[in-house]
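The values are calculated or read from the model by the stated rules, or taken from the named source; none is laboratory data. Since this is a predicted model, take the numbers as computed values, not measurements. Please note: Cβ atoms are built from the backbone with ideal geometry, for glycine as well, and neighbour counts cover all protein chains shown. Heads up: the accessible areas ignore ligands, DNA and RNA and are worked out on the full protein's heavy atoms, side chains in. Shrake-Rupley method; radii C 1.70, N 1.55, O 1.52, S 1.80 Å.
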Amino acid sequence: MISMRSVQKHFGDLHVLRDIDLEVPTGQVVIVLGPSGSGKSTLCRTINRLEPIDSGTIAIDGTELPAEGRALAALRADVGMVFQSFNLFAHKTILENVMLGPVKVRKKGKSEAKQRAMELLERVGIANQADKYPAQLSGGQQQRVAIARALAMNPKVMLFDEPTSALDPEMVSEVLEVMISLAKEGMTMLVVTHEMGFARRAGNRVLFMDDGLIVEDTDPDSFFTAPKTDRAKDFLGKIL
Ligand code: ADP
Ligand code: MG
């Protein structure tokens with residue numbers, strides 16, 4: 001579902017992704033771990049070309065992403081992304097936030113988009129807040145809306161970049177529960193997170209990044225019980 005081949009990315013002199021090769025099969029839930037600055041966010045952002053790459057190829061469901069243009073917009077819509085900051089449109093209601101992409105990008109009719117948006121808000125447990133504005137919701141609720149908004153595009157892949165890092169502790173689990181249910185339904189997911197309980201429960205695979213490289217690629221149990229590299233041991237020692 002995601003295929004990256006020999007992907008290179010620099011920011012000026014900084015080599016942020018070093019020859020990344022990654023194949024993610026359909027339905028796999030990949031947890032991305034690594035110290036701050038190791039390239040986790042950049043990896044996510046290149047997958048839907050929020051960041052251009054220097055060289056290499058990235059394909060979603062067998063179709064290579066072009067560098068720009070209309071074809072890119074269409075393919076990018078197949079990749080949902082949820083960030084640490086919820087990035088909802090402040091001047092639009094919750095319902096409008098979820099309807100916007102399907103209407104503008106997928107060219108859906110308003111009544112169809114509304115019906116689907118309400119189903120998704122129901123699913124993330126926010127349907128009763130549909131007419132409120134983002135600022136009237138808690139952080140956990142806003143992040144669940146952000147997930148519903150991404151799902152409204154019927155993405156083939158969902159990318160999560162530290163989706164619970166900005167939340168108060170008591171709101172973390174309500175967001176993780178939504179992600180766990182998505183994972184159970186077979187969504188292909190790449191999740192940057194420091195939530196180790198979630199990683200062990202929902203993840204099928206762990207990538208450990210350091211300095212622009214994927215230095216470990218294994219199953220969660222092996223990673224947490226027997227990390228191979230000193231860098232991963234050091235990292236786990238600091239967070240566990
Ligand atoms: P992580 O998400 O693992 O913390 P990032 O992918 O955000 O790491 O960043 C990797 C490296 O690239 C860091 O050194 C960061 O400072 C740098 N970086 C990220 N985005 C930019 C940018 N837009 N311009 C310049 N440097 C950047
Ligand atoms: Mg990051």
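Backbone amide hydrogens, once placed in the peptide plane, bring residue 188 within less than 5 Å of 27, 158, excluding anything fewer than 5 places away on its chain. Ordering 52, 165, 222 by the projection of their Cα atoms onto the charge dipole of the chain, which places +1 on the Cβ of Lys and Arg and -1 on the Cβ of Asp and Glu, puts 52 at the extreme positive end. Over the stretch 26-85, what portion of Cα pair distances is larger than 13 Å, expressed as a whole percent? Here the long-distance tail beyond 13 Å is 67 percent of all Cα pairs in the stretch 26-85. Take every pair of alpha-carbon atoms less than 8 Å apart whose residues are at least six positions apart; their mean separation over the length of the chain yields a relative contact order of 27 percent.
On C-alpha positions alone, give me the angle between the axis of helix 230-239 and the longest principal axis of the chain, in degrees, nearest 10. With both axes taken from Cα atoms, the answer is about 40 degrees.
Semi-axis lengths, largest first, of the ellipsoid equivalent to the stretch 75-164 are 18, 17, 11 Å, with √(5λ) applied to each eigenvalue of the Cα gyration tensor. Taking the protein heavy atoms of the stretch 200-240 in the context of the full set of protein chains, the accessible area attributed to carbon and sulfur is 46 percent at 1.4 Å.
Anisotropy class assigned to the stretch 1-143 is prolate, per the alpha carbon gyration tensor with a/c at or over the 1.5 cut-off and a/b larger than b/c.
Report note on the peptides 55-64, 150-159: ranked by the mean count of other C-beta atoms within 10 Å, highest first, their order is 150-159, 55-64. Once C-alpha pairs closer than 8 Å and six or more residues apart are averaged by separation and normalised to the residue number of the stretch 1-115, the relative contact order reads 23 percent. Evaluated at q = 0.08, 0.18 Å⁻¹, the base-10 log of the normalised Debye intensity for the chain, with identical point scatterers placed on the Cα atoms, takes the values -0.30, -1.41. Candidates 153, 85, 191 compared by Cα position along the dipole of the chain: farthest toward the positive end lies 153, with charges placed on Cβ. Dipole check for the chain: with +1 at the C-beta of Lys and Arg, -1 at the C-beta of Asp and Glu, and the Cα centre as origin, the magnitude is about 900 Debye. Globularity index of the stretch 167-207 is 1.12 (Cα radius of gyration / 2.2 N^0.38 Å, N = number of residues).
Gyration tensor analysis over the Cα atoms of the stretch 158-240 returns equivalent ellipsoid semi-axes of 22, 15, 12 Å (largest first, whole Å).
Express the carbon and sulfur contribution to the solvent-accessible surface of the stretch 26-154 as a percent, rounded to the nearest whole number, probe 1.4 angstrom. Carbon and sulfur atoms account for 48 percent of the accessible area of the stretch 26-154. Here, P(r) means the percent of Cα pairs in each 5 Å bin from 0 to the largest distance; for the stretch 49-127 it is 3, 12, 19, 22, 17, 14, 9, 4, 1. In this structure the chain gives 46 Å² per residue of accessible area when probed at 1.4 Å with all protein chains present.
Residue-wise, which Karplus ³J(HN,Hα) couplings in Hz belong to the stretch 41-48, taking 6.51 cos²θ - 1.76 cosθ + 1.60, θ = phi - 60°, and x for glycine or proline? In residue order, the calculated couplings are 5, 4, 4, 4, 5, 6, 5, 10 Hz. Pairs of Cα atoms in the stretch 123-177 fall into 5 Å distance bins, from 0 up to the last occupied one, in shares of 4, 19, 30, 25, 17, 5, 0 percent. About the centre of its Cα atoms, the stretch 108-240 shows a dipole size close to 540 debye [charges on the beta carbon of Lys, Arg (+1) and Asp, Glu (-1) only; nearest 20 debye].
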